[in-house]
Amino acid sequence: MECKRSTLEELVRMELKALDGAKVLITGHTGFKGFWLSRLLQKFGTEVHGISLAPEIGSLFDRASCDDFASSHFLDITQQQDLLSLMKKISPDAIIHMAAQPLVRRSYREPILTFKTNVIGTANILESMRSLKSVLGAVIVTSDKVYKNLESGQAYKENDELGGRDPYSASKAASEMAVSAWRNIMSLESEKILISARAGNIIGGGDHSEDRLIPDLIRSFKLGTPAAIRNPSAIRPWQHALDPLMGYVLLLSRILKSEEISDSYNFGPNDDLNLTVSELAEFACQEWGDTQSWVYQKNHDIFAEAKLLSLDSSKAKRELGWTPKLNTREAVSWTIRWEKESLSSGALAAIDGQIMEYLRLAG
């Protein structure tokens, strides 16, 4: 289904009409991406409710100290009955499910936790939706790593084969299968809309996760020590958080307006702007300044990490009018600038400033 060609600014104006006053539940709202999305929606009149594990000390949620949520609940989504009771109490119009165990290397150490959170947790969200008459639909955020990655250089499309060699990727592919199954179930009972959104290697201000390149670099920069890089030749589809999050907003608006839409969408950066880990690290060092540097740290562990992965986002561009506004270097620059601005103006003001700057760029 093709929509009328519009600038993103025009699309945003139209979508905000559907978002204004809507009651939206975000799972994983205390996470880095979840908090950015929450703030984006809050700014434009959406009544945002959150369910997540309690925030970690020093996390973006902790630093920002935002009290603009309509309600904020700390709950493990694998606890089905407690989750169902809470979702009934919130009674949202739509859901964006982002809660997950998102780290590949941690998934090797804790595969059962990863599958329990990413598969059973997702199934619990989907099953709870069935009994909520208020819910029109949900965006289930998975990952670019759901595809069976042959590392052939091809950009994966939404109908390509799913798979996963590591526990994280496999759990996310399995969660896609759960979405497909519950979509089938719900089609027999109601007209609820289920959409899976696939993106990966998202960067932006305030991410402090372990074993992620930009957070690791920034920690080293602040300490004044060379950053250790494990896989300098690996290529990743780096993108700023606001680009895929805007895609999720467009999906959400379609749900709220009960408009026809496809089952899944990729949200990735422009293919010709992918950088290797070493190229991105070098650019981040330059952006930070103060003669920062990085060193190669030979990877002695057994954790296999893909060296090449990219997405074909042509369907999102064609059907939603979505397009990435920041290339990889701009995404890194914005992230470094956010880290510095947050020290003087505070984390919340730095987020608000970049959201408004992004929306101005959209014109």
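Structure notes:
- Scanning the range 238-262 for residues that are of a type in the set (Ser, Thr, Tyr) and closer than 15 Å to Phe44 by Cα yields Tyr248, Ser253.
- Residues in the range 88-106 that are crowded, with 24+ Cβ neighbours inside 10 Å and outside any loop (DSSP other than H, G, I, E, B): Ala94, Ile95, Ile96, His97.
- Hits in the range 57-107 - residues which are under 29 Å from Ser253 (Cβ atoms) and among the acidic types (Asp, Glu): Asp67, Asp68, Asp93
- For the range 47-87, the set of residues classified as β-branched (Val, Ile, Thr) and under 26 Å from Leu256 (Cα atoms) consists of Val48, Ile51, Ile77, listed by residue number.
- Test result for Arg165, under 19 Å from the mean Cα position of the chain (by Cα) and not aliphatic (A, V, I, L, M): no
- Contacts under 8 angstrom Cβ, first residue in the range 11-36 being basic (Lys, Arg), partner at pLDDT 95 or above and assigned to a helix (DSSP H, G or I), 6 or more apart: Lys23/Ile90; Lys33/Leu245
- Pairs with Cβ under 7 Å, 6+ apart, first in the range 128-152 and without any contact (Cβ under 8 Å) to a residue 60 or more places away in the chain, second among the basic types (Lys, Arg) and outside any loop (DSSP other than H, G, I, E, B): Leu132/Lys88; Thr142/Lys172; Thr142/Arg198; Ser143/Lys172; Ser143/Arg198; Val146/Lys172; Val146/Arg198
- Residue check, Asn201 of a type outside the set (Gly, Ala, Ser) and under 14 Å from the mean Cα position of the chain (by Cα): yes
- Subset of the range 45-74 (residues that are out of contact with any Lys or Arg (no Cβ under 9 Å at 6 or more places or on another chain), surrounded by fewer than 18 Cβ atoms within 10 Å (Cβ to Cβ) and assigned to a loop (DSSP other than H, G, I, E, B)): Gly45, Leu53, Ala54, Glu56, Ile57, Gly58, Ser65, Asp67, Phe69
- Tabulated pairs, the range 290-301, first surrounded by 12 or more Cβ atoms within 10 Å (Cβ to Cβ), second at pLDDT below 75 and not basic (Lys, Arg), C-beta under 9 angstrom, 6+ apart or interchain: Asn299/Glu305
- Criterion violated by Ile77 - all others in (1) buried (at least 23 other Cβ atoms within 10 Å of the Cβ); (2) assigned to a loop (DSSP other than H, G, I, E, B); (3) without any contact (Cβ under 8 Å) to a residue 40 or more places away in the chain; (4) aliphatic (A, V, I, L, M) satisfied: (3)
- Of all residues in the range 13-35, those being farther than 17 Å from Thr142 by Cα, in contact with a helix residue (DSSP H, G or I) (Cβ under 7 Å, 6 or more places away or on another chain) and either at pLDDT below 90 or in a helix (DSSP H, G or I) (or both) number 3.
- Among residues of the range 96-144 being at pLDDT below 95 and aliphatic (A, V, I, L, M), the one that is nearest to Gln154 (Cα to Cα) is Val104.
- Residue count for the range 108-163, restricted to those that are of a type in the set (Gly, Ala, Ser), surrounded by 21 or more Cβ atoms within 10 Å (Cβ to Cβ) and in a loop (DSSP other than H, G, I, E, B): 1
- Strands (runs of 3 or more DSSP E) fully within the range 164-278 that include at least 2 residues being touching a Lys or Arg at 6+ places or on another chain (Cβ under 9 Å): 193-198, 264-266.
- Test: Asp68 is more than 17 Å from the chain's Cα centre (by Cα) and farther than 27 Å from Asp166 by Cα: yes
- Condition met for Ile203 (more than 22 Å from Lys315 (Cβ to Cβ) and either surrounded by 24 or more Cβ atoms within 10 Å (Cβ to Cβ) or hydrophobic (A, V, I, L, M, F, W, C) (or both)): yes
- Within the range 342-361, tally of residues that are surrounded by fewer than 17 Cβ atoms within 10 Å (Cβ to Cβ) and either touching a Cys at 6+ places or on another chain (Cβ under 7 Å) or not in a helix (DSSP H, G or I) (or both): 1
- Set Ser107, Ser128, Ser152: member being within 19 Å of the chain's Cα centre (by Cα) and of a type in the set (S, T, N, Q): Ser107
- Within the range 315-341, considering residues that are at pLDDT 95 or above and polar (S, T, N, Q), the one surrounded by the fewest Cβ atoms within 10 Å (Cβ to Cβ): Ser333
- In the range 267-283, the count of residues that are farther than 25 Å from Ala170 by Cα, at pLDDT below 90 and of a type in the set (S, T, N, Q) is one or more.
The values are calculated or read from the model by the stated rules, or taken from the named source; none is laboratory data. Treat the numbers as computed from the prediction; the structure is a model and nothing was measured. Glycine gets a Cβ as well: all are built from the backbone with ideal geometry, and neighbour counts include every protein chain shown.
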